[in-house]
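Peer 1: Input: one structure, supplied below.
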Amino acid sequence: MAGTAVPGRLTWRVATLVDAVEETPTARTLVLEVPGWPGHLAGQHVDVRLTAEDGYRAQRSYSLAAPAKGDLVRITVQELADGEVSPYLVRGLSIGDPVELRGPVGGWFVWRPTDPSPVLLVAGGSGVVPLVAMVRARREAGVRTPFRLVYSVRSPGDRLYADELNRPEPGLDISYVYTRTTPEGWPAPPHRIGVPDVNSGGWPAEFEPACFVCGPTGFVEKVADILVALGHDPRRVRTERFGG
Ligand SMILES: Cc1cc2nc3c(=O)[nH]c(=O)nc-3n(C[C@H](O)[C@H](O)[C@H](O)COP(=O)(O)OP(=O)(O)OC[C@H]3O[C@@H](n4cnc5c(N)ncnc54)[C@H](O)[C@@H]3O)c2cc1C
C-alpha cells in the first residue's frame, strides 16, 4: 500500500449537519452525516475542526453520544459562555452546514456489550455524554449488564437527556447530585460530589465493577480518588477529562 492514501480514522472527513435537538437552553445534540463512517464503540470521541474565512482553524474533541446509525453520528455540545467553538456548534451551525470531523478516537475509555462486569458511570456536567452512549449501546445490544449512573449537574434544568433518563429501565439505576439548585423537596442541599454520593449510588468494590468517570478535570480526579479510597482497583477505573 506504499504511496497510497488509506482512508482511516484520522482522516478529516466533511460531515453535514442533518438534524439537531435542543437538550437544554445551552446544549444541543448535532446529528451529523459522515459519508463512509466506519462505526465506533461507546465512549469514543471525534475531533471537530472549524475553519474561518481567513483560514484560522480551531479544533475540539466531542464524545460520540450514541451508537452510529449507518453514516449518522451524534454529538452533544454544552455551550461554554466564553468558549471559542462550543457557542458556534450550539447556536451557529445550521442544518445543511458542513463541518470537518475525524475519528473515531480512543480505545481505552470504551465499553463493550460483551463485557459482563457490572458498570458504574460517574458523570460531571457534559461528561454524561459518552456515559449515555454506553447506556444506549447496552439498550441497543439488548444485554442485561447491571448499570449504575451517578450524575452530578448544576440544576435540574441542566440535565442532558432528562426525558430519556427519567424513563425507568430494568438494570439501570440513576442517582443525581445537584451542585447549585435542587428540585423542590430534594433530600440533600446542593453540594459537590463526595464519598457518600459515590458510595450510595455506586457498586461495592467487591463486585469489581468497570468504572467510567467523565467530566471536567477536577471532577474526574476527585471521583477517581474517591473510588480508589472506597477500594476499587485503579485498573478498573477509566477516566476521560473534558478540560476546564
Ligand atoms: C475527549 C474529550 C471529549 C469531549 N466531549 C465533549 C462532549 O461530548 N460535549 C462537550 O460539550 N464537550 C466535550 N469536550 C470538551 C470540548 O472539547 C471543549 O473543550 C468544550 O466544548 C469547550 O470548547 P470551547 O472552544 O467552547 O471553549 P474554549 O475556548 O476552549 O475554553 C473556554 C474556557 O472554558 C474552559 N473550559 C474548557 N473546557 C471546559 C469544560 N469541559 N468544563 C469547564 N470549563 C472548560 C477553558 O479552560 C477556558 O477557560 C470533550 C473534551 C475531550 C478532551
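The values are calculated or read from the model by the stated rules, or taken from the named source; none is laboratory data. Just so it is clear, the structure is predicted and the values come from calculations on it, not from any experiment. Cβ: placed from backbone, ideal geometry, glycine included. Neighbour counts: every protein chain shown. For the accessible areas, the whole protein counts, side chains as well, though only heavy atoms, and no ligand, DNA or RNA atoms are used. Shrake-Rupley method; radii C 1.70, N 1.55, O 1.52, S 1.80 Å.
Peer 1: Does Ser175 satisfy the criteria of being away from the ligand (no atom under 16 Å from the Cβ), assigned to a strand (DSSP E or B) and under 19 Å from the mean Cα position of the chain (by Cα)? Before the answer, list the steps.
Peer 2: On the way: away from the ligand (no atom under 16 Å from the Cβ): yes; assigned to a strand (DSSP E or B): yes; under 19 Å from the mean Cα position of the chain (by Cα): yes.
For Ser175, the condition - away from the ligand (no atom under 16 Å from the Cβ), assigned to a strand (DSSP E or B) and under 19 Å from the mean Cα position of the chain (by Cα) - is met.
Peer 1: Another question, if that's okay. Identify all residues within the stretch 116-139 that are surrounded by fewer than 21 Cβ atoms within 10 Å (Cβ to Cβ) and out of contact with any Pro (no Cβ under 8 Å at 6 or more places or on another chain); write none if there are none.
Peer 2: Pro116, Arg139 - these are the residues of the stretch 116-139 that are surrounded by fewer than 21 Cβ atoms within 10 Å (Cβ to Cβ) and out of contact with any Pro (no Cβ under 8 Å at 6 or more places or on another chain).
Peer 1: Now, a different point. Condition (residue is more than 10 Å from the ligand (Cβ to nearest atom) and modelled with pLDDT under 95) applied to the stretch 39-52: is it met by at least one residue?
Peer 2: Let us first name the residues in the stretch 39-52 that are more than 10 Å from the ligand (Cβ to nearest atom), namely 39-42, 49, 51-52.
Of the ones still in play, those that are also modelled with pLDDT under 95 are 51-52.
Yes, some residue in the stretch 39-52 is more than 10 Å from the ligand (Cβ to nearest atom) and modelled with pLDDT under 95.
Peer 1: OK, next. With the requirement that a residue be buried (at least 17 other Cβ atoms within 10 Å of the Cβ) and in contact (Cβ under 8 Å) with a residue 60 or more places away in the chain, what does the stretch 154-174 give you?
Peer 2: Passing the criteria: Asp158, Arg159, Leu160, Tyr161.
Peer 1: If we keep just the residues of the stretch 53-69 that are among the small types (Gly, Ala, Ser) and at pLDDT below 95, which is farthest from the chain's Cα centre (by Cα)? Give the derivation first.
Peer 2: Taking the stretch 53-69 as the starting set, the residues that turn out to be among the small types (Gly, Ala, Ser) are 55, 58, 61, 63, 65-66, 68.
Checking the rest, the ones that are also at pLDDT below 95 come to 55, 68.
Working: Gly55: 30, Ala68: 14 Å.
Checked the stretch 53-69; the qualifying residue farthest from the chain's Cα centre (by Cα) is Gly55.
Peer 1: Here is a list: Val198, Val220, Val237, Val177. Which entry is closer than 19 Å to Asp115 by Cα and open to solvent by less than 70 Å² (accessible area, probe 1.4 Å)?
Peer 2: Val237
Peer 1: Here's a check for you: in the stretch 75-112, which residue that is part of a helix (DSSP H, G or I) and surrounded by 15 or more Cβ atoms within 10 Å (Cβ to Cβ) is nearest to the ligand (Cβ to nearest atom)?
Peer 2: So, considering only residues that are part of a helix (DSSP H, G or I) and surrounded by 15 or more Cβ atoms within 10 Å (Cβ to Cβ), the one nearest to the ligand (Cβ to nearest atom) is Ser86.
Peer 1: While we're here: Out of Phe207, Phe212, report the one residue that is of a type in the set (A, V, I, L, M, F, W, C), under 25 Å from Asp115 (Cβ atoms) and surrounded by fewer than 17 Cβ atoms within 10 Å (Cβ to Cβ).
Peer 2: On the way: Phe212 fails: surrounded by fewer than 17 Cβ atoms within 10 Å (Cβ to Cβ).
That would be Phe207, the only listed residue that is of a type in the set (A, V, I, L, M, F, W, C), under 25 Å from Asp115 (Cβ atoms) and surrounded by fewer than 17 Cβ atoms within 10 Å (Cβ to Cβ).
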